[in-house]
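Okay, so here's the structure we're looking at.
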Amino acid sequence: MIDMPIRDAATIIVIRDRATAPSVLMGQRGASAAFMPRKFVFPGGAVDPVDHAVSLSAPLHPTCVARGQDASDISARTLAATAIRELWEETGLVLGTPGEWTDAPKGWRSFAATGHRPSGAALTFVFRALTPPGQPRRFDARFFLADAEAIASDLDDFAAAEDELSHLGWVPLADVRALDLPFITQVVLAEIAANLTHTGPPAQVPFVRNEDESNMILSLDGRHPMDRLPSQNQ
């Protein structure tokens, strides 16, 4: 089998009511999707060439910038822009600050039409993972975490979303076990659940680069990632 090229990508985990009843924004990929069909996922996707030209109204935290620059030749700013664009396209939610953007590049004009510019201030770089070989598509995905309070639009209004994800909604962490999740999404959710009280950049950013699931588990802490998520009865 010929292995597929690896594309840079960004994913955004938006967490709501972190301190009281935490939930995360997820949607379901279509049955005919080439990559992870029918799976529930976070908004995200591959870097678009136009994302390189996007300026942020507020930058990422310096620690996240440094870690992002260490990840590859692509800039942390570009990855943050991709995460914000994918959030807008797939959910219709706006992560940005009020402001005119008259020279927005193609691919960003509908975002600019909301009267906002993309902001990296609320994003924290928390995870990185390579898609294992043998998949129909491979990504070098960087995961960013953001509190829902930073969203500039109605948190329950997904009317502007494109049709890539269905069943968009806020999933309580206590109920996430019931969803059909990709393995790596389970791992990321476990990390988030284990660090809910921590704000700002984490002490370290896990990088999952192993080629089989047993090794990926051991690369974190030796436990199955779902063991670190709250049970449905809690």
Per DSSP H run of n ≥ 4, the term is -39500 (n - 2.57); total these for the chain, divide by its residue number, and report the mean residue ellipticity at 222 nm rounded to 500 deg cm²/dmol. -6000 deg cm²/dmol
How far, in nm, would the chain grow between residue 166 and residue 19 when pulled straight, counting 0.36 nm per residue and subtracting the alpha carbon separation? 50.2 nm
Dipole moment magnitude, nearest 20 debye, the range 6-228 about Cα centre, only Lys, Arg, Asp, Glu C-beta charged: 360 debye
Among 145, 127, 115, pick out the residue whose Cα is farthest towards the positive end of the charge dipole of the chain, where Lys and Arg carry +1 and Asp and Glu carry -1 on C-beta, about the Cα centre. 127
Across the chain, what fraction of all alpha-carbon pairs, as a whole percent, falls in each successive 10 Å bin from zero upward? 7, 34, 39, 17, 2, 0
Anisotropy class of the range 1-129 from Cα gyration tensor, a/c 1.5 cut: rounded
Treat the count of other C-beta atoms within 10 Å as a stand-in for reagent exposure and order 101, 170 from fewest to most. 170, 101
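Coordinate-derived values only; no laboratory data. Just so we're clear, the structure is a prediction, and the values are computed from it rather than from any experiment. Backbone-built Cβ (ideal geometry, glycine too); neighbour counts: all protein chains shown.
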